[in-house]
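A.B. asks: This is the structure, below, for whatever I ask next.
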Amino acid sequence: MVFLSYLISGLSLGSVYAIIALGYTMVYGIAKMLNFAHGDVIMVGGYICFIATTNLGLPVWLAVILSMAVCTVLGVVIEGLAYKPLRQAPSLAVLITAIGVSYFLQNAALLLWGANPKMFSPVVTGTLKLFGGQLTISYVSLLTIAACVIIMVGLTLYINKSKMGKAMRAVSEDKGAAQLMGINVNRTISTTFAIGSALAAVAGVLYCSFSPMLMPTTGSMPGIKAFTAAVFGGIGSIPGAFLGGLLLGIIESLAKAYISTSMANSIVFAVLIIVLVVKPAGLLGKYVPEKV
Amino acid sequence: MKKGKKINGAVLKDYLTYAAVVLAFIVITVLDQQGFINNSTRGLLVPICCYIVMAVSLNLTVGILGELNLGHAGFMSVGAFSGVVASLSLADAIPSPVLRLVIAMVVGAAFAAVVGLLIGLPVLRLKGDYLAIVTLAFGEILKEVINALYVGQDSAGLHFGFNFRNNISSINDLHMEEGAKAIIKGAQGVTGNEKLATFGAGIVLILITLFIVMNLVRSRSGRAIMAIRDNRIAAESVGINVTKYKLMAFAVSAALAGAAGALYGSNYASVKASTFDFNQSILILMFGVLGGLGNIRGSIIAAIVLTILPEALRSFEDLRMLIYAIVLILVMIATNNPRVKTLLGCIIPRKKGSSANE
């Protein structure tokens, strides 16, 4: 029973990682860049939701929608101002720009909302008791897992069935050829950023429901973990991000419970290194042999 | 004949770089003696030296070997802590602070090189972003491991403890004699450290680093490393041992970072593992990229400018990090966007030099 409860808490933490990792992996697959500012979009999402519920007194569902809308706009603006001018630049230059954006968001949040941590109240409260009270699951965990599954299914359908999804797949395969076929590459990339940022807002709200301290640096650690999860599953692969996120959450939760609290992150990273040494392209990544 | 002349030109450029570093040292020392340098700037001198060494050594892996390293601060951390342990434990045996600083840097470099070799092993199978994430992971692991480390010293020698399952909560759990000395106290890190580092030592370390890296780049090994960067398969097919040269670049870079870490650690009264986190690695990467990948002199300039910039922006108070971020983004766009580049080229004829100094 205890094991089961750790497993479920790991699963819900993993679901948050998976939602963030989806944003990373989609942007990587299409724009071939590591968007280091993604973690900070999560933080902005959390703050918007916090302000909407506490200061404006909006209902939670409206606050979540508002924070998704703000983050979507933010994502598109960041892409347009900072990344679009660097389309042809080497990937490291784009990486450093993304770090600059990350600094910018963190410091803007510091100026706007102050350094003091805000106590974020979970979007739903209460727990579900099973087996005569032996197993308690918070509704937030259930909501997170459900949200992750819905997002995963919705995203897969969108990528595989819709016209824009087809354009995304084409751009990720070959940007030049896609452009020759009449696909608007810039618009496709902007849409990807919009979707990724909206997901980040959802992830921000859910993440803050678990660890309620909201600070300008809140986004960086889940950002790094989710990035790890995306690579773990094979970066660029959407099911990979899902699987990687869930596994990472479960390993972290079980390591914390059974091995060592202070070393939990190290154990997660050690597992990652071992997996990558055995499978250099991640769990579900395509290994592309080099042609000479 | 022509080839020989070209090499001479390059060597001359190296000498000019050494001369510039020595000149900078003399100028700053003279200015300091005349009282032109205030306390906060003086406090930056040793960290700037450390960052220059870090940036140059990172450039060896990122710019010259062509592999992205997101955990360079981990090597710095290993160097800092092993160096400080060496210098503090030898405090009674060796009274000379200069000698102890040298020992600290050598020990730091040696430990970091060993760790660099360990990290280099998975490197052999991975490339690109996968390798980057492994270096990031190693950096985070090193941070947590050092966070859980307890080291103390008594007459029997050094005692080590590792807080794995909350089994050690303070230095007393190491079961040492009365009056034993605590060196590393877990997450608290090192407290009560002796300030051994001097600006002169930093300059000497920069000169040694430049000497090693510049000569390595121009040697047979350096050419092999660059051949691997440009085309691994072609390099392999002409008989270059990819494993050997990749490990060599990794270990040299780690050793230099370890020495810089030891110097950095010796500059502060307290050293914590959390100082050397992912953000620190990113900061160093930023120096390397802004200075130009593979460009040693560019890294030096970028390290100096980017360390001074937040201090220079102090008059903007709260806005300074925001301005720093905007400057960073604008510089990246200005140096990499083809349209802005041609525009800059029209205004400033020598656009290459100007963009590196911006």
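A.B. asks: Would you kindly give the portion of the calculated P(r) for the range A:193-281 that falls above 16 Å, as a percent of all Cα pairs?
C.D. replies: On the way: 2337 of 3916 pairs.
Pairs farther apart than 16 Å: 60 percent.
A.B. asks: Using only DSSP helix segments of four residues or longer, with each worth -39500 (n - 2.57), what per-residue ellipticity at 222 nm results for the protein assembly as shown after dividing by its residue count and rounding to 500?
C.D. replies: -23000 deg cm²/dmol
A.B. asks: Can you run phi through the Karplus equation (6.51, -1.76, 1.60; θ = phi - 60°) for the range A:114-123 and list ³J(HN,Hα) in whole Hz, with x for Gly and Pro?
C.D. replies: Ordered by residue, 3J(HN,Hα) equals x, 7, 5, x, 9, 8, 8, 8, x, 5 Hz.
A.B. asks: Over the range A:12-218, give the accessible area per residue in Å² for a 1.4 Å probe, as an integer.
C.D. replies: For the range A:12-218, the solvent-accessible area averages 42 Å² per residue.
A.B. asks: What longest range of chain B stays clear of loop-exposed trypsin sites (Lys or Arg not before Pro) (DSSP non-H/G/I/E/B, at most 13 other C-beta within 10 angstrom)? Kindly include the intermediate steps, with their values, before the conclusion.
C.D. replies: Values: sites that count: B:Arg165, B:Lys195, B:Arg350.
Here the longest run is B:1-164.
A.B. asks: Separate question: How long are the semi-axes of the equivalent ellipsoid of the range A:1-89, defined as square roots of 5 times the Cα gyration tensor eigenvalues? Whole Å, largest first.
C.D. replies: Its equivalent ellipsoid spans semi-axes of 28, 22, 8 Å.
A.B. asks: Checking buried surface per residue: for the range A:215-250, which residues lose a minimum of 50 Å² accessible area in the protein assembly relative to the chain alone (1.4 Å probe)?
C.D. replies: Relative to the lone chain, where solvent access is computed with a 1.4 Å probe, the range A:215-250 loses at least 50 Å² at A:Ile224.
A.B. asks: Please report the carbon-and-sulfur percent of the accessible area for the protein assembly as shown; probe 1.4 Å, protein heavy atoms only, DNA, RNA and ligands left out.
C.D. replies: 66
A.B. asks: For helix B:39-59, what angle does its Cα long axis make with the longest principal axis of chain B, in degrees from 0 to 90 and rounded to 10?
C.D. replies: With both axes taken from Cα atoms, the answer is about 70 degrees.
A.B. asks: To the nearest 0.05, how large is the calculated FRET efficiency for A:Ile150 and A:Lys279 if R₀ is 35 Å and r is the Cβ-Cβ distance?
C.D. replies: Between A:Ile150 and A:Lys279 the formula returns 0.75.
A.B. asks: In the range A:58-208, what is the volume of the convex hull around the alpha carbon atoms, normalised per residue and reported in Å³?
C.D. replies: Expressed per residue, the convex hull around the Cα atoms of the range A:58-208 is 163 Å³.
A.B. asks: Could you work out how far apart the two model spin labels at A:Ser91 and A:Asn116 are, taking each label as a point 7 Å from the Cα in the direction of the beta carbon, and quote it in nm?
C.D. replies: 4.4
A.B. asks: Considering the alpha-carbon set of chain A alone, what are its Rg and its Dmax in angstrom?
C.D. replies: Every Cα atom of chain A included, Rg and Dmax give 19.0, 64 Å.
A.B. asks: Another question about this same structure. What are the residues whose amide H is under 5 Å from the amide H of B:His159, where those residues sit 5 or more places off or on another chain and H is modelled from the backbone?
C.D. replies: The answer is B:Gly152, B:Gln153, B:Asp154.
A.B. asks: So, one more: The range A:108-193: Rg/Rh from Cα coordinates, Kirkwood Rh?
C.D. replies: We get a ratio of 1.23 for the range A:108-193.
A.B. asks: Write down the Å³ per residue value for the convex hull defined by the alpha carbon atoms of the protein assembly as shown. Don't skip to the answer; put the middle values down first.
C.D. replies: Numbers: hull volume 124.5 nm³, N = 650.
Looking at the protein assembly as shown, the number lands at 191 Å³ per residue.
A.B. asks: Based on alpha-carbon atoms only, what is the radius of gyration of the range B:2-80 relative to the globular estimate 2.2 N^0.38 Å? Provide the component values of the computation, followed by the final result.
C.D. replies: Values: Rg = 17.1 Å, N = 79, 2.2 N^0.38 = 11.6 Å.
Working it through for the range B:2-80, the quotient is 1.48.
A.B. asks: Indicate the residues belonging to the range A:29-78 that lose 20 Å² or more of solvent-accessible heavy-atom surface (probe 1.4 Å) upon moving from the chain alone to the assembly of all protein chains, ignoring ligands and nucleic acids.
C.D. replies: Correct list: A:Leu34, A:Phe36.
A.B. asks: In square nanometres, what is one fourth of the surface area of the convex hull spanned by the alpha carbons of chain B?
C.D. replies: Details: hull surface 88.7 nm².
Hull-based average projected area comes out at 22.2 nm².
A.B. asks: By how many degrees, 0 to 90 and rounded to 10, does the Cα axis of helix A:2-31 deviate from the longest principal axis of chain A?
C.D. replies: 20
A.B. asks: With solvent modelled as a 1.4 Å probe, how much accessible area in total do chains A and B shield from it at their shared surface, in Å² to the nearest 100? It would help to have the intermediate numbers written out before the result.
C.D. replies: Details: alone 14220 and 18650 Å², together 28700 Å².
Roughly 4200 Å².
A.B. asks: Which three numbers, in whole Å and largest first, are the semi-axes of the equivalent ellipsoid of the range A:133-292 derived from its Cα gyration tensor as √(5λ)?
C.D. replies: Equivalent ellipsoid semi-axes, largest first: 31, 21, 14 Å.
A.B. asks: Quick check on the range B:105-150: what are the equivalent-ellipsoid semi-axes from the Cα gyration tensor, as sqrt(5λ), descending, whole Å?
C.D. replies: Listed largest to smallest, the semi-axes of the range B:105-150 are 21, 15, 7 Å.
A.B. asks: Here is a further query. Compute the angle between helix B:220-230 and the longest alpha-carbon principal axis of chain B, please, reported from 0 to 90 degrees and rounded to the nearest 10.
C.D. replies: 70
The values are calculated or read from the model by the stated rules, or taken from the named source; none is laboratory data. Remember, predicted model here, so these are calculated numbers, not experimental data. Cβ: placed from backbone, ideal geometry, glycine included. Neighbour counts: every protein chain shown. Quick note on the areas: whole protein, heavy atoms, side chains included, nothing else; ligands and nucleic acids left out. Shrake-Rupley method; radii C 1.70, N 1.55, O 1.52, S 1.80 Å.
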